[in-house]
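The values are calculated or read from the model by the stated rules, or taken from the named source; none is laboratory data. All values reported here derive from a predicted model rather than from experimental measurement. Note that we place each Cβ from the backbone using ideal geometry, even for glycine, and neighbour counts take in every protein chain shown.
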Amino acid sequence: MLNRTIAPAFQPIPEIKIPVLEKSTLDNGMTVNVLPLHNSPIIDFTISVNAGSIVENKMLVASFANRQMQEGTALHSGLQIADHFDFYGATLKLNCGSDEAIIGFTGLKKHFKALLPMIQEMILQPTFSEKELQNNVHRSKDSFRQSMQKPEYLCKRIFSNKLFGANHPYGRMVEEADYDSVSADELKSFHQQFYVPNNALALLAGDVDDSMLKEIENLFSSKHWNSKALQPIQFPESVISEERKIHQSRENAVQSSIRIGQHTINRKHADANILRLTNTIFGGYFGSRLMMNIREDKGYTYGIHSGVSFNKLSSYHYIKTEVGSEVCDDAINEIYKEIEILQNEKVDADELDKVKNYMLGSYLEDLGNIFQMSSLYLSYLQQGLTLQDYYEAIETIRNAGIDDVLNCAQKYFDKNKMVEVAVG
């Protein structure tokens, strides 16, 4: 009879193999990357452009330039665009982050040639209607006002501002007045400057055939989309605030939001994968030390998480949680206590093996379906990583030892360099 009080034994993670990307470059400089997933009825197509908020010279221009491409082109209205993707059962993808902006779709392979021209039209012929823009600005401003009442949102704003400085692209804070000054002409100018093929890459995942590649070349080559000279951008250095501990009280707040973190190494650094492993032990999964202490033992929170955010301009390590306001200080003290333990006591071999197995299992999970695989490959392409980096990460995790974790915690977890923000 199965004894459910005993956890099952760990099963070794098998060798992980992933498909090799096939690459070609169009005559206008855009790289087309193909992820061959044979027998998949689904096609996932994404164009990633270096047009995130870090390159905008005015707040909100990048995000609205990306968003408004679905609101009308020279040939179709926003409603017609939405109806087109609905008719073919496809999902339109538009998103703008700090580093990149994307546009693409997910749909059935048999509809690929009907869907691709609409994406081309949205990129090459957006109208950026002032009326449609103001409608979205109005809705977004209402959402911003609501967010400004939430401790979690305020905490994230203050944390980024203090960690990077008010002039750094990652530290600038949107204000309500910024919504009132966005214009369609500014979106057009931004789009013309950055949505160019030599500033973009494409990823096509699925059961790809030659006719689909020819269609991409036909629609997105210099025949329709010309490259432009890109002016280099000088980004300011991050300036950490001298005020490292910010506790902001809010009247009648039941919960407090906490963010603690510091600058760290970039994704290509030799220690990056050991840092990811050390962070996972610390607070990177449900069985982490922070969860066991602050959730399971103390009962201060429903969840606490730590992570490493690898970004184009600067990377950082962070801890975030929401706790009852009456235990906010106690929770912060426990976080620092766990850092000290990680720096001064070697991790138990069983705990290390459990976390290594968890992380290797997450690599398998990334290969679970076309959406996960496409997301994985796109993130690697955006960060300038290769399959060699992928396999090296796996081997580093497999072979990591107790001393590696201890040395990493001592080297990259520095309480004296951390910014601490609590709002509530």
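Check whether at least one residue in segment 334-342 is basic (Lys, Arg) and either assigned to a strand (DSSP E or B) or farther than 23 Å from Lys415 by Cα (or both), and report yes or no.
no
Could you tell me which numbered condition Ala51 fails, if it satisfies all but one of (1) within 21 Å of the chain's Cα centre (by Cα); (2) not in a loop (DSSP other than H, G, I, E, B)?
For Ala51, the failing item is (2).
Pairs, please: C-beta under 8 Å, at least 6 apart or cross-chain, first residue outside the structural domain of Ser325 (by TED's automatic domain parsing) and in segment 283-311, second at pLDDT 95 or above?
Short answer, once both residue conditions are applied: none.
Suppose we keep only residues that are surrounded by 10 or more Cβ atoms within 10 Å (Cβ to Cβ) and out of contact with any helix residue (DSSP H, G or I) (no Cβ under 6 Å at 6 or more places or on another chain) within segment 1-19. Which one would you say is modelled with the highest pLDDT?
Step by step, filter segment 1-19, then rank; the result is Pro19.
Kindly provide the set of residues from segment 154-165 that are touching a residue at least 60 places away in the same chain (Cβ under 8 Å) and either touching a Leu at 6+ places or on another chain (Cβ under 8 Å) or part of a helix (DSSP H, G or I) (or both), ordered by number.
Correct list: Leu154, Cys155, Lys156, Ile158, Phe159, Asn161, Lys162, Leu163, Phe164.
How about segment 350-380: which of its residues are among the polar types (S, T, N, Q) and part of a loop (DSSP other than H, G, I, E, B)?
Of everything in segment 350-380, just one residue is among the polar types (S, T, N, Q) and part of a loop (DSSP other than H, G, I, E, B), namely Asn369.
Checking Val34 against (1) touching a residue at least 40 places away in the same chain (Cβ under 8 Å); (2) crowded, with 17+ Cβ neighbours inside 10 Å; (3) farther than 18 Å from Leu116 by Cα, which test does it fail?
Single failed check for Val34: (3).
Do you know which residues across segment 227-279 are over 27 Å from Val49 (Cα atoms) and among the polar types (S, T, N, Q)?
Across segment 227-279, the qualifying residues are Ser241, Gln248, Ser249, Asn252, Gln255, Ser256, Ser257, Gln262, Thr278, Asn279.
Return the residue satisfying two criteria in turn: it lies in segment 267-303 and is of a type in the set (D, E, K, R) and under 21 Å from the mean Cα position of the chain (by Cα), and of such residues it is farthest from Tyr412 (Cα to Cα).
Lys268
With Ala349, Ala409 as the choices, which residue is out of contact with any His (no Cβ under 9 Å at 6 or more places or on another chain), farther than 28 Å from Leu313 by Cα and among the small types (Gly, Ala, Ser)?
On inspection, the qualifying residue turns out to be Ala349.
Only one of these conditions is not met by Gly89: (1) surrounded by 17 or more Cβ atoms within 10 Å (Cβ to Cβ); (2) at positive phi. Which number is it?
Condition not satisfied by Gly89: (1).
Cβ-Cβ under 8 Å, sequence separation 6+ or interchain: first residue in segment 335-353 and surrounded by 15 or more Cβ atoms within 10 Å (Cβ to Cβ), partner aromatic (Phe, Trp, Tyr). Which pairs?
So the pair list comes out as Glu338/Phe282; Ile339/Phe282; Ile339/Phe413; Leu342/Phe282; Leu342/Phe413; Gln343/Phe413.
Taking segment 11-48 as the search range and keeping residues that are of a type in the set (A, V, I, L, M) and assigned to a loop (DSSP other than H, G, I, E, B), which one is nearest to Val355 (Cα to Cα)?
By that ranking, first place goes to Ile13.
Specify which of the listed residues (Asp99, Asp27, Asp83) is among the charged types (D, E, K, R), at pLDDT 95 or above and within 18 Å of Leu378 (Cα to Cα).
Asp99
Regarding segment 327-343, can at least one residue be identified that is of a type in the set (Ser, Thr, Tyr) and at pLDDT below 95?
Scanning segment 327-343 turns up no residue that is of a type in the set (Ser, Thr, Tyr) and at pLDDT below 95.
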